[in-house]
Amino acid sequence: MSIEIPTVPPHKANKITTDNSAAILLDVRTPSEFSARRAIGARNIPLDAIPATIAAGTLSKDLPICVLCEKGGRAAIAADHLIKAGYLDVHVVTGGTEAWTKEGLPVEGTGRNTVSIERQVRIGAGSLVLIGVILGFLVNQAFFGLPAFIGAGLVFAGITDWCGMGLLLAKAPWNR
């Protein structure tokens, strides 16, 4: 059974968190993405830390929580975890930080350029495909299995909106 995850546009999320000082604007991106640019007032708990945060009970189940990431995919996963754990008022900010910024809502950050997880996945997947093809021609045809495996992983990620490579890259030291 699939849970319907409520969404709100960025300006509505801004109003919710501005009108209610106890409301939480939760950014689930990596710490490096968060430090580069974030909605003012956002609290950072990376997606991979959400289950531990739920287990620790550090977020009130009764407060409004507006969840965002860069574009919305990771926020939907985090919101799903929160809703299944009994959080009562959870919304995903449609379009994430990217839409928040485009709407001219207040942002802050170091300005340090970071490579988003999404771009890191594209770079990693493309590199593995290229390496597999080159090795398949030059060394052994068995290496053609690598691009096939990566392709299958990308199809799976597209269908399920769950990307193992992205979750793995989020734990990499340069994303901390």
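None of the figures in this text is laboratory data; all of them are computed from the coordinates on show. Keep in mind the model is a prediction, meaning the values are calculated, not measured. FYI the Cβ positions are ideal-geometry reconstructions off the backbone, even for glycines, and counts take in every protein chain you see.
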Select one label from (1) 50, 41, 38; (2) 63, 40, 27; (3) 52, 42, 29: the one whose number is Cα extents along the principal axes in Å as derived from the coordinates shown. (2)
Inter-probe distance in nm under a simple model that places probes 7 Å from Cα toward Cβ, at PHE137 and ASN20: 5.9
So how strong a dipole does the chain carry about its Cα centre when Lys and Arg Cβ are +1 and Asp and Glu Cβ are -1, to the nearest 20 debye? 360
From a point 7 Å beyond the Cα of ASN44 in the direction of its Cβ, which residues of the range 10-36 have a backbone N at a distance under 16 Å? 25-36
Taking 0.36 nm per residue of sequence separation and subtracting the Cα-Cα distance, how much length would be gained by fully extending the chain between THR58 and SER127, in nm to one decimal? 20.9 nm
Ignoring everything except DSSP H segments at least 4 long, calculate the 222 nm mean residue ellipticity for the chain; use -39,500 (n - 2.57) per segment, divide by total residues, nearest 500. -15000 deg cm²/dmol
What angle, in degrees between 0 and 90 and rounded to the nearest 10, separates the Cα long axis of helix 73-84 from the longest principal axis of the Cα atoms of the chain? 60
Can you list residues whose amide H is under 5 Å from ARG43's amide H, if they're 5+ apart or on another chain and H is modeled 1.01 Å from N? LEU25, LEU26, ASP27
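Hey, can you rank 33-39, 124-130 by average C-beta count inside 10 Å, highest first? Don't jump to the answer; show the numbers that get you there.
Working: 33-39: 21.1, 124-130: 14.3.
The most tightly packed comes first, giving 33-39, 124-130.
Out of the DSSP beta bridges found with both residues in the range 7-108, what percent are antiparallel (nearest 5)?
Restricted to the range 7-108, the bridges split so that about 15 percent are antiparallel.
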For Cα pairs less than 8 Å apart in space and 6+ apart in sequence, what is the mean separation divided by the residue count of the chain, i.e. the relative contact order in percent? 25
Per-residue ³J(HN,Hα) for the range 164-176, Karplus 6.51 cos²θ - 1.76 cosθ + 1.60, θ = phi - 60°, Hz, x for Gly and Pro: x, 5, x, 5, 5, 5, 4, 8, 5, x, 6, 9, 9
Quick check on packing: order 8-16, 61-69 by the mean number of other C-beta atoms within 10 Å, highest mean leading. 61-69, 8-16
Whole-Hz couplings from phi, Karplus 6.51/-1.76/1.60, listed for the range 62-71; x for Gly and Pro: 9, 8, x, 10, 9, 9, 9, 9, 6, 10
Additional length obtainable on full extension of the chain from VAL155 to LEU167, 0.36 nm per residue less Cα span: 2.7 nm
Straight-distance crosslink candidates among lysines, where the alpha carbon sits under 28 Å from LYS61 and sequence neighbours closer than 8 are dropped: LYS12, LYS15, LYS71, LYS84, LYS171
Note, ³J(HN,Hα) from phi for the range 15-25, Karplus 6.51, -1.76, 1.60, rounded to Hz, x at Gly and Pro: 5, 4, 7, 7, 6, 10, 5, 8, 4, 10, 9
The range 117-175 - Rg (one decimal) and Dmax (whole number), Cα, Å: 12.5, 35
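To make sure I understand, if each residue's beta carbon is the centre and we count other beta carbons within 10 Å, what order do TRP162, TRP100 fall in, fewest to most? Could you put the intermediate results ahead of the total?
Working: TRP162 12, TRP100 27.
Fewest-to-most Cβ neighbours within 10 Å comes out as TRP162, TRP100.
Give the peptides 20-29, 141-150 in descending order of average Cβ contacts within 10 Å, highest first.
Numbers: 20-29: 19.9, 141-150: 13.9.
My ranking of the peptides, most packed first, is 20-29, 141-150.
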Given H placed 1.01 Å from N in the peptide plane, which residues other than close sequence neighbours of THR7 have an amide H under 5 Å from its amide H? VAL92
For the chain, the longest principal axis of the Cα atoms and the Cα long axis of helix 117-138 enclose an angle in degrees, to the nearest 10, of 10
